[in-house]
1. Once amide H atoms are placed 1.01 Å from N in the peptide plane, what residues at a sequence separation of 5 or more from residue A:207, or on another chain, have their amide H within under 5 Å of its amide H?
2. Can you give me the distance in nm between label points at residue A:261 and residue B:101, each placed 7 Å from the Cα along the Cα-to-Cβ direction?
3. Within a 10 angstrom radius of each residue's Cβ in B:288-300, how many Cβ atoms of other chains show up on average? Whole number is fine.
4. Per-residue Cβ counts within 10 Å, from other chains only, averaged over A:163-176: what number is that?
5. If the elastic network links every pair of Cα atoms under 10 Å, which of B:329, B:92, B:363 fluctuates the most in the Gaussian network model of chain B?
6. Taking the label point as lying 7 angstrom from Cα along the Cα-to-Cβ axis, what are the distances from residue B:4 to the corresponding position in the remaining copies, in ascending order and in nanometres?
7. Based on the Cβ-Cβ distance from residue A:37 to residue A:59, what FRET efficiency comes out when R0 is 22 Å, to the nearest 0.05?
8. Among the listed pairs A:120/A:251; A:78/A:226; A:101/B:226; A:120/B:120, which are separated by more than 25 Å between their Cα atoms?
There are 2 protein chains.
Amino acid sequence: MNADELLQSSVVELSRGIELGELTSERLTSACIERVREREPEVQAWAYFDADLALETARMLDRTPRIGPLHGIPVAIKDIMDTAQMPTAYGSPIYTGYCPKIDAAPVAAVRAAGGLIFGKAITAEFAHRLPGHTRNPLDLERTPGGSSSGCVAAVADGMAPIALTTQTTASTIRPASFCGLVGYRPSFGIMGLMGVKQSAPAMDTVGIIARTVGDCALMRDVLLEKPTRPPTVQTDAKLRIGFCRTPFWDKVEPEARALIEATVASFAAEGAEVRDLDTPDAFAELQACHRRITSYELVRSLTAERREHMALLSPLLREGRMTDGMRVSFEDYIDAVEILERARAFAGEFFQPYDFVVCPATSGIAPKGLSSTGLSEFCVLWTSLHVPAITVPLSTRIDNMPLGIQLVGRRGHDMRLFDHALWVESRV
Amino acid sequence: MNADELLQSSVVELSRGIELGELTSERLTSACIERVREREPEVQAWAYFDADLALETARMLDRTPRIGPLHGIPVAIKDIMDTAQMPTAYGSPIYTGYCPKIDAAPVAAVRAAGGLIFGKAITAEFAHRLPGHTRNPLDLERTPGGSSSGCVAAVADGMAPIALTTQTTASTIRPASFCGLVGYRPSFGIMGLMGVKQSAPAMDTVGIIARTVGDCALMRDVLLEKPTRPPTVQTDAKLRIGFCRTPFWDKVEPEARALIEATVASFAAEGAEVRDLDTPDAFAELQACHRRITSYELVRSLTAERREHMALLSPLLREGRMTDGMRVSFEDYIDAVEILERARAFAGEFFQPYDFVVCPATSGIAPKGLSSTGLSEFCVLWTSLHVPAITVPLSTRIDNMPLGIQLVGRRGHDMRLFDHALWVESRV
């Protein structure tokens with residue numbers, strides 16, 4: 001593989017190359033470093049990057065017998081996760097230069113699989129909404145989406161083949177859709193979050209951003225510390241697909257709407273049984289409940305920052321979400337929690353008739369400007385239901401920009417959702 | 001107040017004394033320090049204690065205008081919570097000498113109310129089961145219970161008037177019952193846990209251990225950053241009490257069983273309407289589900305410690321719970337989560353006919369020896385249901401040792417549960 005190929009390859013291919021001795025971690029890491037040097041001034045993906053440390057680690061891994069499926073693969077880490085070897089600032093000046101004692105749980109799992117912690121990618125302040133200065137590498141005038149802005153830019157731009165992110169509302173699915181990548185938000189609770197800065201514990205999960213469905217699945221197995229099991233297309237039965245435009249369909253831009261409709265129609269043309277699917281009444285309050293719960297929890301997660309370092313919080317957080325959060329009463333919080341639990345009890349029935357549900361990932365392509373990271377409506381239902389979601393990039397572009405389509409499945413049926421995502425990936 | 005009175009007073013009394021200028025934080029703190037000097041060699045409650053820092057903080061608070069309801073009150077902090085001014089070791093040699101960057105959320109709330117962070121109290125390793133060397137101050141041959149062993153010993157022995165703890169299974173209610181104190185585990189999710197070392201995020205909460213129901217209620221308001229609202233006995237209607245012996249009643253020691261029966265009978269004699277209450281079939285699997293979920297999550301929360309510092313984990317954790325946790329499959333975990341959510345949806349109906357439910361707090365008085373921290377059965381149902389629980393000490397002793405009785409209420413009805421606990425406290 002030449003350098004350009006290295007920078008666009010999947011982790012599965014790169015890992016095979018390293019395993020067969022056709023590629024070294026040093027060569028791959030050097031190519032990534034070179035790309036960072038060339039592009040970082042414009043893209044601004046990194047909160048912390050140490051080329052020497054990365055190269056030294058790559059050489060060390062090249063001398064070490066293979067540890068696991070990520071052996072020698074550079075992994076971008078959202079700077080909301082603790083790393084023992086690199087500073088961690090959670091996107092906030094309160095933590096400038098802070099060096100955690102120990103790796104966050106997902107970082108430790110990556111290292112245990114031989115992965116190379118490549119650098120800390122820019123996150124919105126405490127993974128909330130304050131946009132960083134990261135640009136969309138596919139069009140520098142556009143947002144990459146957030147809050148996992150640095151990770152998505154790094155992977156889309158060839159600086160790193162895969163990234164660990166988080167999602168509390170839309171922070172993985174949305175940027176992946178905006179940058180033409182695969183994004184995965186797992187079923188809630190299945191992956192350890194120790195050392196990942198909390199935002200709203202009732203919603204926070206790890207996320208993965210990668211170039212292919214197979215890469216996301218590989219990383220998922222690494223985070224679960226399971227033997228790798230690549231997704232496979234199930235061909236034995238007719239696929240049953242629920243097409244859920246969501247209650248926010250009128251917010252989807254016309255061209256995106258047309259592209260999504262055409263894509264779903266093509267699934268039917270391939271023989272899948274597609275049925276339109278409305279969200280049930282039980283889901284009507286989910287968005288409001290999500291907002292109440294995340295507001296209540298965010299302000300309480302950040303008690304120390306708010307009480308002891310208020311002046312270093314952004315005005316967006318200080319005057320916006322913090323004020324909202326203190327206004328949510330204890331009773332309203334508990335009420336929202338109970339509504340969500342009842343909706344979740346109903347979700348099995350909602351998903352049961354389908355192999356998967358397909359819906360928009362975002363309202364359209366990445367918006368121009370860096371002042372907003374985009375709408376979160378198309379994730380908030382699924383995030384609240386604690387179900388797994390995968391966005392797959394469509395090959396047709398709008399204004400030369402990519403768009404993702406989101407697949408959603410039953411809680412805990414993540415592996416099957418990957419199988420279906422592979423089928424979709426090969427058709428879009 | 002003389003020194004002995006200071007050491008047994010409630011926080012409400014001490015706080016009033018400081019507010020009225022009849023008592024200084026320095027005098028109170030000095031008395032507590034003296035008590036620590038005298039008793040620590042035998043009781044061994046503290047993981048970190050700096051008398052000079054405590055005294056200096058007390059003097060500073062005496063010079064400062066009143067900040068809040070805990071102004072100048074020494075508070076013991078379970079060493080599972082980060083403190084910016086004191087090392088934090090989570091009961092593990094992995095973290096010896098570790099100094100966190102910022103206070104945990106509950107610690108910051110205490111400081112924001114004027115509280116004095118008095119010292120770090122011994123915790124079981126990662127708030128799990130490995131007993132520390134803390135002894136029960138009421139009988140040094142007995143366990144104080146765990147995992148909040150240092151906190152409960154400190155408050156029971158007059159070293160500190162109140163303590164912040166945690167509960168994932170029984171870690172607050174159990175030791176409070178063993179040491180004759182009031183213990184409170186709040187409704188799940190209502191208090192921020194940032195900076196509190198995770199054990200099982202689906203179950204972890206902050207806890208409070210104090211000498212009176214009123215003190216617990218005061219600290220609860222501080223942690224919620226609400227104006228203080230002391231509990232009041234509701235006298236307008238006949239109390240409806242559900243007496244739930246739990247499915248584990250045969251594990252309760254005969255003398256404890258008799259004392260609990262007599263206590264509940266006395267409530268009926270006072271005019272309360274007491275009805276026996278069996279746990280419904282929907283709760284049958286809760287204990288097994290709790291075990292599965294906490295095992296699955298503990299092992300994943302501790303990924304970095306397990307992968308990078310395995311030799312420094314205790315054999316109890318390394319060979320026991322860690323192995324169990326890796327055996328719980330992804331599917332079994334999700335299954336347990338769904339069973340619990342359905343049980344929670346049913347819990348409202350279970351509690352609805354009663355003002356509160358009364359049940360054992362522990363299987364009896366604190367066991368002899370330090371090798372076990374006691375059974376957790378009498379907490380596991382309520383912990384899993386995410387409902388609030390308060391244990392109130394009975395004045396009748398068994399073998400000269402105290403026993404608590406546990407009150408449980410609906411999720412989110414914590415404040416009303418405090419009102420009822422006050423009624424119980426004045427009658428037992």
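1. Amide H to amide H, under 5 Å and 5 or more residues apart or across chains, residue A:207 pairs with A:165, A:166, A:167.
2. 4.9
3. Mean partner shielding for this stretch: 2.
4. 0
5. Between B:329, B:92, B:363, it is B:329 that shows the largest mean-square fluctuation.
6. 8.9
7. Taking R0 as 22 Å, the efficiency between residue A:37 and residue A:59 is 0.75.
8. Checking Cα-Cα distances, A:120/A:251; A:101/B:226; A:120/B:120 exceed 25 Å.
No value in this document is a laboratory result; all are computed from the given coordinates. It should be emphasised that the depicted structure is a prediction, and the values quoted were computed from it without experimental measurement. In this analysis, Cβ positions are derived from the backbone assuming ideal geometry, glycine residues included, and neighbour counts consider all displayed protein chains.
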